[in-house]
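See below for the structure under consideration.
Each reported figure results from applying straightforward, stated rules to the coordinates on display, with no laboratory input. Computed from a predicted structure; not experimentally measured. Counting neighbours? That spans all protein chains shown, and the Cβs are built from the backbone with ideal geometry, glycine included.
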Amino acid sequence: MLQMVLQNSISGMAMGLLYGVIGIGVCLFWQTTGLINFAHISSAMLGAYFFYTFNVMWNFPIIIAFVLAVSLVALYGIVVLRGVVYKQIMGRKGGRLEFIVATMMLNIFLLNLVIVVWGGVPYPFPSIFGSPMNPLRIGRVAIQHHSLWVLAFTVALVIGLNYFFKRTLTGKALRATAQNKDTASLMGIGVGKMTALSFALSTGITAIAGILLAPIYFVSVELGGGIIGIKGFASAVIGGLTNPFGALVGGLLIGLAENFSVFYISSSYRDVITFVLLVFFLIARPQGLFKKM
Amino acid sequence: MRKYFKVLPLMVLVVTLLAGSVAGAQTIKFGLVAPFTGSGSILGDYIREAMMLAVDEINAAGGIEGRQIEVIVYDDEAAPATAINVVKRVIENDKVDVVFGPNMSSSVLAVHQVAADNETLMMVGATSPSLGYDRTGNPWLFRLRADDQVRVENQADYAVEVLGSKKPGIIYGTTDYCTSARDVIIARFAEHGIEPVAVEQMREGDVDATGQLLNMVRAGVDSIMGLTHESEAAVFVRQMRQMGVDVPIVGFTAWGVPAFTDLAPEAAKGVIAVQSFTPEDTNPVVQEFVQKYQARYGRLPSDPGQAYYDGVYAIKEVIERVGFDKHAMRQELENFSGYVGLQGELVTDEKHNLSRFSLISEFQGDGWKIIEKY
């Protein structure tokens, strides 16, 4: 029984890490723009599809495929998300609500674009993070090599972001721009450049998350249209929206709650628990688990 | 001069009708409604390719009773809302003689009444028991494959009679296709005096089944019945292998197609599945079809293509027997027998299924090995 509980915990944490990775991107965008991007999860889907195209279909080496895929999604962040959506709305003093609706529509557009270009059939992702058939075994508990990669990436990301925002001039300039664009501009910060950077950063990091998610989700439209985006958002809200570490903890909480609800209640309630947690936090602790980083 | 103007509309009408009847005499229109985008897009390609192979063969041999077959194809995106639009269009605007598809059970449930209202034959490959004539009461709806009732009962029988399972576990999805199969398999196990020890759900899009698997282990299952769609089947078997859960697994039709085995080729080894078709079938009729298909498309055919290939030939046979009158065709289809296709002899049963053919096969990594034929 103990082994079952351990296995369930580890699998729950592995899933939770994935939710957390998506949540980190939500936090990052909120921190740097003060907005919620509802097309956020599309960046993960595009990252996975671009990587699959370069690496599997065109046989580019993994590193080149990875860099190209992430760069292309970052470019999409600057050109489409910022250039077409954000600038148009902000140019005529549009509000946050308009941005939310516009990005929701952008998400649907990108989902359909992917279906048209790549088809709706899921593709198997190459085993670049270790064979899923030979997990690391501690006793009778199996741990996926892939989960260790995700753990390493998320820890590095959280530490890196913490350092970037607190210790570097560019990071501080980004935060200043998010807080007050006019004052930041008066301080000599290139607001346009900073906004472009924040769009590229959040979409690029989410693209990496998409590549990390693909071995589990396959290269499929589920990445962009499935429930993972909502769970990532819930992780960020539970964690406090302004703290990437909080998003990670929020994700772990959801992953564990889901798996234990299947184990002790019923598999039919797996997704319900995410929304129960989200509603609970929105009512009882809207500021989230952690304070602003 | 004025009297000419008076008869002009009448002349135009007569000429139009004549032109229409001349054109009608040259072709017979088939509509194909299948998913070419969306989650079921791979099925649409297999269906269209197999159907066009039959159509082109028939047209090359002079058509049906001298008429060439014209095919109008629509994409229903595997979505009932889209299916309603395209089925209405293909029946009411294009005025086809026979509609093939939709292929998704939920789409057929949404649209079959359109075929009944317009008295147009609808030949579907969807397999949910909900679509049987006993449930829909639609005299114009026919099914080209065995329904899931038949196949899932075979699945349960195989688990009990061949594998000797006494404590089966069930993993099922949430669509009508999966939940209907779950109800059928539980009822069939009950007929054997067996109650499944774990009945677990996996939502479409779920990528973790640890909790469900642990519940099955805790319940001491001695076999697992897979009743999910293809992607979830791949996730489930992969995690099953990772966690070292070592019991036989028997899946229903979604577990017997490349859309599943391509996603988890290693983990799927040893999976037993109920199938409607496999290109490994040594039946000479099937092998001839496989060779023609491969020569034309450069890949192997897959379920449910064979059902639509058979369907086109069944309609040809019907017309050759009773002519082009749709009521006579429907009547003939209702009592149809005597035509041998890829699925053996097609015989319409009381549920309007033209076939009860199914296979039990085991995936061996590079293909399927047939264990039983029903």
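In what sequence do B:Trp368, A:Trp58 fall when counting other Cβ within 10 Å, fewest first? Could you put the intermediate results ahead of the total?
On the way: B:Trp368 23, A:Trp58 11.
Fewest-to-most Cβ neighbours within 10 Å comes out as A:Trp58, B:Trp368.
Just to be sure I understand: with springs between alpha-carbon atoms less than 10 Å apart, which residue in B:Gly311, B:Gly270, B:Gly169 has the highest mean-square fluctuation in the Gaussian network model of chain B?
B:Gly270
Roughly how many Å is it from the Cα centre of region B:297-374 to that of region B:109-184, as a whole number?
Measuring centre to centre over Cα atoms gives 15 Å.
As I understand it, the value is the acute angle between the Cα axis of helix B:284-297 and the longest principal axis of the Cα atoms of chain B; what does it come to in degrees, rounded to 10?
So the inclination is approximately 70 degrees.
Got a sec? How would A:Thr177, B:Thr179 order by Cβ neighbour count within 10 Å, fewest to most? Write out the running numbers ahead of the final one.
Values: A:Thr177 25, B:Thr179 16.
In increasing order of surrounding Cβ atoms, one gets B:Thr179, A:Thr177.
Specify whether the C-alpha gyration tensor of the protein assembly as shown places it in the rounded, prolate or oblate class, a ≥ b ≥ c being the square roots of the eigenvalues: rounded for a/c under 1.5, otherwise prolate if a/b is larger than b/c and oblate if not.
Working: a/c = 2.38, a/b = 1.44, b/c = 1.65.
Taking the square roots of the gyration eigenvalues as a ≥ b ≥ c, the protein assembly as shown is oblate.
In chain B, what % of DSSP beta bridges are antiparallel (nearest 5)?
Working: 13 of 45 bridges.
Antiparallel: roughly 30 percent of the beta bridges in chain B.
Which listed residue (A:Leu111, A:Ala209, A:Thr183) has the Cα farthest towards the positive end of the charge dipole for region A:2-225, taking +1 on Lys and Arg C-beta and -1 on Asp and Glu C-beta about the Cα centre?
Looking along the dipole axis, the top candidate is A:Thr183.
Between A:Leu113 and A:Ser266, what is the spin-label point distance in nm, taking each point 7 Å from the Cα along the Cα→C-beta axis?
Here the modelled spin labels are 4.2 nm apart.
Taking the Cα centre of the protein assembly as shown as origin and charging only Cβ (+1 Lys, Arg; -1 Asp, Glu), how large is the dipole, in debye to the nearest 20? Intermediate results must be reported in sequence, preceding the final value.
Details: 51 positive and 55 negative charges, 745 e Å.
For the protein assembly as shown, the charge dipole is close to 3580 debye.
Most mobile of B:Asp117, B:Asp310, B:Asp262 per a Gaussian network model of chain B (Cα springs, under 10 Å)?
B:Asp117
Given only helices, namely DSSP H runs of n ≥ 4 each adding -39500 (n - 2.57), what is the per-residue ellipticity at 222 nm of the protein assembly as shown, to the nearest 500 deg cm²/dmol?
Details: 26 runs with 370 residues, N = 667.
Only helices count here, giving -18000 deg cm²/dmol.
Out of all DSSP beta bridges with both ends in the protein assembly as shown, state the antiparallel percent to the nearest 5. Intermediate values should be presented prior to the final figure.
Numbers: 17 of 49 bridges.
Just about 35 percent of them are antiparallel.
Please name which of B:Met225, B:Leu263, B:Gly244 has its Cα lying farthest along the dipole of region B:149-275 towards the positive end, using unit charges on Cβ (Lys, Arg +1; Asp, Glu -1) and the Cα centre as origin.
Toward the positive end, the furthest listed residue is B:Gly244.
In region B:206-360, what % of DSSP beta bridges are antiparallel (nearest 5)?
Values: 5 of 10 bridges.
Of all bridge pairs located within region B:206-360, approximately 50 percent are antiparallel.
Report the longest stretch of chain A that contains none of the trypsin sites (Lys or Arg not before Pro) sitting in a DSSP loop with at most 15 other Cβ atoms within 10 Å. If you can, show how the numbers build up before the last one.
Values: sites that count: A:Arg92, A:Lys93, A:Arg140, A:Lys291, A:Lys292.
Value returned for the longest uninterrupted segment is A:141-290.
Give me B:Met202, A:Met133 sorted ascending by neighbouring Cβ count inside 10 Å, so fewest comes first. Don't skip to the answer; put the middle values down first.
Working: B:Met202 27, A:Met133 13.
Neighbour counts put them in this order, fewest first: A:Met133, B:Met202.
For region A:2-225, give the magnitude of the charge dipole about the Cα centre (Cβ charges: +1 Lys/Arg, -1 Asp/Glu; no others), in debye to the nearest 20. Write out the running numbers ahead of the final one.
On the way: 13 positive and 3 negative charges, 127 e Å.
In debye, rounded to 20, region A:2-225 gives about 620.
Among B:Val312, A:Leu197, A:Val67, flag the residue with its Cα farthest along the positive direction of the charge dipole of the protein assembly as shown, charges on Cβ as +1 for Lys/Arg and -1 for Asp/Glu.
A:Leu197
Please say if region B:43-100 is rounded, prolate or oblate, where rounded means a/c under 1.5 for a ≥ b ≥ c the square roots of the C-alpha gyration tensor eigenvalues, and otherwise the choice is prolate for a/b larger than b/c and oblate otherwise? It would help to have the intermediate numbers written out before the result.
Details: a/c = 4.22, a/b = 1.58, b/c = 2.66.
Judged from the Cα gyration tensor, region B:43-100 comes out oblate (a/c at least 1.5, b/c at or above a/b).
What is the Cα centroid distance between region B:50-101 and region A:99-125, reported in whole angstrom?
29
How far is helix B:105-117 tilted, in degrees, relative to the longest principal axis of the Cα atoms in chain B, given as a value from 0 to 90 rounded to the nearest 10?
For B:105-117 against chain B, the angle is about 30 degrees.
Can you tell me the orientation of helix A:2-33 relative to chain A, as the angle in degrees between its alpha-carbon axis and the longest Cα principal axis, to the nearest 10?
10
What is the calculated FRET efficiency for B:Lys167 to A:Leu2, with r their C-beta to C-beta distance and R₀ = 25 Å, to the nearest 0.05? Numbers along the way, then the final one.
Working: r = 23 Å, r/R0 = 0.93.
The pair B:Lys167/A:Leu2 has a calculated efficiency of 0.60.
How crowded by other chains is A:140-146, given as the mean number of beta carbons from other chains within 10 Å of each beta carbon? List each step's numbers first, then the result.
On the way: counts 2, 1, 6, 1, 3, 0, 0.
Partner-chain Cβ atoms within 10 Å, mean over residues of A:140-146: 2.
Cut-off 10 angstrom, C-alpha nodes, Gaussian network model of chain B. Which of B:Leu121, B:Leu333, B:Leu300 fluctuates the most?
B:Leu300
Each label point is 7 Å from the Cα along the Cα-to-Cβ direction; what then is the distance between the points at B:Asp325 and B:Asp222, in nm?
Roughly 5.9 nm, to one decimal.
Could you give the size of the charge dipole of region B:299-369 about its Cα centre, using +1 on the Cβ of each K and R and -1 on the Cβ of each D and E, expressed in debye and rounded to the nearest 20?
Dipole about the Cα centre, nearest 20: 140 debye.
Applying 1/(1 + (r/R0)^6) with R0 = 35 Å to the Cβ-Cβ distance of A:Gln179 and A:Leu75, what FRET efficiency is obtained, to the nearest 0.05?
Details: r = 27 Å, r/R0 = 0.76.
For R0 = 35 Å, the calculated efficiency reads 0.85.
Local charge sum around A:Pro132 (other residues, Cβ-Cβ under 9 Å, Lys/Arg +1, Asp/Glu -1)? Walk me through the numbers on the way to the answer.
Details: positive: B:Arg238, B:Arg241; negative: B:Glu266.
Its environment carries a net charge of +1.
Between B:Arg135 and A:Met187, what is the label-point separation in nm under the 7 Å Cα-to-beta-carbon projection?
6.4
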